[in-house]
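Visitor: Got a structure for you, questions after.
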Amino acid sequence: AKALGGYVLVLMNPLPLAAAAVGGVAAAYYLGSKESDEFRKSLALSGNQVGLTVGGLADMAKNMGAVSGTTGAAASALATFAASGAVGAAGIQKATEAAIALEKYGGQAVAETVKQFKSLGDDPLKASVRLNDSVNFLTTSLYEQIRALEEQGRTIEAAALAQDAFANAAKSNAGEIQANLGTVERGWIGIKSAILEAVDAAKGIGRPETIGAQIAAKQALINSYRYGTA
């Protein structure tokens, strides 16, 4: 009791509180700015096979965070996909959303889902047949389409087709996992989500303004002059 009382007194002292606040802001700034560094590293490691910029990935992470979770989780998953070169620019957001959803509701980790997308990119037909045993996403029609594209030497198109179907199946599986969660599991996920959202909001201090946000700000300024509200 004496130790606890002393601890409470320390917490009530404004100097330690101020120091903790400053330290927290500094840490949040560092973690937020680190996301851009991870994007740069990921693009460099893959030779930017995904064909996106750091700003493009940051915008994508922000949009995904607003819909399906936190910007930080989206940024981390996007960086993993970008580093692998597994998916092209047109499919990376959908693939990332599927990977995040699976991990969030107790499915496999994002890294494992990235490996599966990578295998589909490397060898679309064989990987589709192998993954179909566990995910059950391959129809006869889809199989024939992928096979025909490969035979024509259009491997990139075959991979994109297989990955899109796989992403749809993965998101559907994540939805089924979520629907079958028990009350305790749902409550625990809710608690974790609340904590992650709070941390993510703090990390926003260090995130550079995205290209989309810059464009919106400039457009607002133009409108203010145009309509005389400036």
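Visitor: Which entries of 41/104; 62/94; 94/115; 41/118; 41/171 show an alpha-carbon separation above 20 angstrom in the structure shown? Let's see the in-between values first.
Guide: Details: 41/104 25 Å; 62/94 14 Å; 94/115 15 Å; 41/118 18 Å; 41/171 28 Å.
Listed pairs above 20 Å: 41/104; 41/171.
Visitor: Here's another thing I want to ask about it. Tell me the per residue accessible area of the stretch 46-150 using a 1.4 Å probe; a whole number in Å² is fine.
Guide: 43 Å²
Visitor: Please report the carbon-and-sulfur percent of the accessible area for the stretch 38-79; probe 1.4 Å, protein heavy atoms only, DNA, RNA and ligands left out.
Guide: It is 56 percent, rounded to a whole number.
Visitor: Turning to a different aspect of this structure: Residue separation times 0.36 nm, minus the C-alpha to C-alpha distance between residue 140 and residue 123: what's the value?
Guide: 4.3 nm
Visitor: Here is a follow-up. Full-extension gain between residue 133 and residue 46, please, as 0.36 nm times their residue separation minus the C-alpha to C-alpha distance.
Guide: In short, 28.4 nm is gained.
Visitor: Could you pull the accessible area for residue 41 with a 1.4 Å probe, rounded to 10 Å²?
Guide: About 110 Å², ignoring ligands and nucleic acids.
Visitor: On a 1.4 Å probe surface of the protein chains, which of 164, 133, 59, 122 comes out largest in accessible area, and what is the full order?
Guide: Reading off the accessible areas and sorting them downward yields 133, 122, 164, 59.
Visitor: Using label points projected 7 Å from each Cα along Cα→Cβ, tell me how many nm separate residue 152 and residue 109, to one decimal.
Guide: In this crude spin-label approximation the distance works out to 3.9 nm.
Visitor: OK, next. Over the stretch 125-167, what is the relative contact order in whole percent, taking alpha-carbon pairs under 8 Å and six or more residues apart?
Guide: 43 percent
The values are calculated or read from the model by the stated rules, or taken from the named source; none is laboratory data. What you see is a predicted model; the values in this text were computed from it and never measured. A quick note on method: Cβ atoms are made from the backbone with ideal geometry, for glycine too, and the neighbour counts reach across all protein chains shown. The area values use the complete protein model at the heavy-atom level, side chains included, leaving out ligands, DNA and RNA. Shrake-Rupley method; radii C 1.70, N 1.55, O 1.52, S 1.80 Å.
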